[in-house]
Amino acid sequence: MKFGANTFIWAESFGPEQFPLLPRIKAAGLDGIEVPIIDPAALQPAAIRRELEKHGLAATVCSVLPRGLSLIVSDAETRRKTVRHLQDCIRAAAEMGAGLIAGPLYSPVGHFTGRRPTAEEWKMAVESWRELGPALAAANMRIAIEPLNRFETYFLNTTADAARLCDEIGDPRVGILFDTFHANIEEKSVGPAMRAAGRHLKHIHTCENDRGIPGTGNVNWPEFFQTVRAMGYDGWMTIESFGFSLGELAAAASIWRDLASTPEAIAFEGVKFLRANTAGSAGLQPAVSA
Ligand code: LER
Ligand code: MN
């Protein structure tokens, strides 16, 4: 298992200004960071890669579509622009040394049409990700598509639907991001929901029910860790929160207050909880602090 923290915890974007965080992240026992890519042209992938290598850290990427882009709108020019944008994200992530991009990569967070998803939208998502297959292969990149709760998207709310989407896309590089925060809202229970991802499970966001420190709230962690073990999941678990980054995504995710005393408490106390509970098969180890 590898443990990471999404740098959204500290800031809206990631660049040289945040580099002083890296030695502290390493010292706290994390294996890497999750870098947000929203505007690939603004990212400095080569500089980030060098800095990560210097500190012995790896990276995953979390990406959300900016307003105005979507893979599931009838306007073909918007879809083409979105495919080009995602190709740029894939190249930037590869240049940064990441092997995985995760996120709700179908439409922007907080975008609604006022009705249920249509068969046409579904088909557009499938076809777009098939079209992106060659770019993924060229960059040796994997994608983890994230179902979000109903207050952040209308298009994909459950793991079972995400698995159906991946089945139809049919590209082994395209799988699912399971986020315990969204699952806690949408699914009956965490275990069966994770199992519904099956072979498509490529990434996990470990978030408390309030997006605070993992282990301090009401996510069913015993069932979560038991399922991780039963499925033999051995990929990344990254901690995601937005409380201290007052950006567009924090607003789209409806974060209006601090969720812990410091950003470090979320990432550094959180990782102790995750490590303690993935190390052995004993009962739940408590969170380090509340
Ligand atoms: C948003 O709520 C979320 O969970 C992130 O992974 C970015 O979309
Ligand atoms: Mn997430």
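Just so it is clear, none of the values below were taken in a lab; they were calculated from the coordinates. All values reported here derive from a predicted model rather than from experimental measurement. Here Cβ is always computed from backbone atoms with ideal geometry, including for glycine, and neighbour counts include all displayed protein chains.
Annotations for the structure displayed:
- Glu53-Glu127 pseudo-label distance in nm [points 7 Å out on the Cα-to-Cβ vector]: 4.2
- Farthest toward positive dipole pole in the chain [+1 Lys/Arg, -1 Asp/Glu at C-beta], among Ala287, Gly247, Leu69: Ala287
- Each peptide in 163-169, 13-19 was scored by the mean count of other Cβ atoms within 10 Å over its residues; highest first, the order is 163-169, 13-19.
- For Ile239, the shell of other residues with beta-carbons less than 14 Å away shows a net charge of -4, using +1 for Lys and Arg and -1 for Asp and Glu.
- The packing ranking, built from the mean of other Cβ atoms within 10 Å per residue, places the peptides 213-219, 127-133 in the order 213-219, 127-133, highest first.
- Among residues other than Leu69 with Cβ under 10 Å from its Cβ, the summed charge is +4 (Lys and Arg +1, Asp and Glu -1).
- Cross-link reach is defined here as a Cα-Cα straight distance under 22 Å, omitting same-chain residues fewer than 8 places apart; for Lys54 the lysines meeting it are Lys2, Lys26.
- Hits among aspartates and glutamates - C-alpha to C-alpha of Lys202 under 18 Å, sequence gap 8 or more where chains match: Asp31, Glu34, Glu146, Asp161, Asp167, Glu168, Asp171, Asp179, Asp234, Glu240
- Simple Cβ-charge dipole of the stretch 2-277, Lys/Arg +1 and Asp/Glu -1, about Cα centre, in debye nearest 20: 440
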